[in-house]
């Protein structure tokens with residue numbers, strides 16, 4: 001798991017069995033409603049990839065048998081493809097698609113992700129300015145919004 005964090009000379013604490021927790025389990029609309037505007041972490045399988053307005057990936061992530069969340073990354077990711085299982089952390093927000101996004105962006109919510117981990121590919125990506133949130137997630141906490 002050490003490979004997930006990149007450089008070994010970082011002051012970042014090494015991951016443990018409690019690192020990278022999730023708080024979305026069933027993915028139902030009722031469960032998502034209670035996290036509106038808050039930070040969520042969840043597992044999903046990439047079903048579709050679009051390009052966001054910021055030229056970063058926009059993933060349709062299957063989070064339950066009957067539900068999915070569109071998730072836009074705040075960083076580039078060239079490693080993950082359709083069918084990959086990933087864990088993301090970010091802000092759950094109501095969908096507000098622009099003209100181009102209306103072609104595919106449906107559902108009540110979307111996630112603006114500042115972190116992604118792919119355990120199978122040892123891929124750990126995090127927004128550079130979210131150092132505190134990164135450390136909290138590694139320490140086994142759902143990151144705070146501060």
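Read-outs: derived from the displayed coordinates by stated rules, not from any lab. Because the structure is predicted, anything quoted here is derived from the model rather than measured. Here Cβ is always computed from backbone atoms with ideal geometry, including for glycine, and neighbour counts include all displayed protein chains.
Residue ranges 44-52, 97-105 sort as 44-52, 97-105 when ordered by packing (mean number of other C-beta atoms within 10 Å per residue, highest first). Stretched out straight at 0.36 nm per residue, the stretch from residue 119 to residue 14 would grow longer than its current Cα-Cα span by 36.3 nm.
Label positions at residue 34 and residue 65, each projected 7 Å from the Cα along the C-beta direction, are separated by 2.2 nm.
With contacts taken as Cα pairs under 8 Å and at least 6 residues apart, the chain reaches a relative contact order of 28 percent. Mark the label point 7 Å from the Cα of residue 104 along Cα→Cβ and return the residues of segment 38-52 whose backbone N is within less than 17 Å of it. Only 45-52 fall inside the zone, counting backbone N under 17 Å. Altogether, the Stokes-Einstein calculation at 25 °C and 0.890 mPa s, with the Kirkwood radius of the chain over Cα pairs as Rh, returns a diffusion coefficient of 159 µm²/s. Ranked by the mean number of other Cβ atoms within 10 Å of their residues, highest first, the peptides 18-29, 109-120 come out as 109-120, 18-29.
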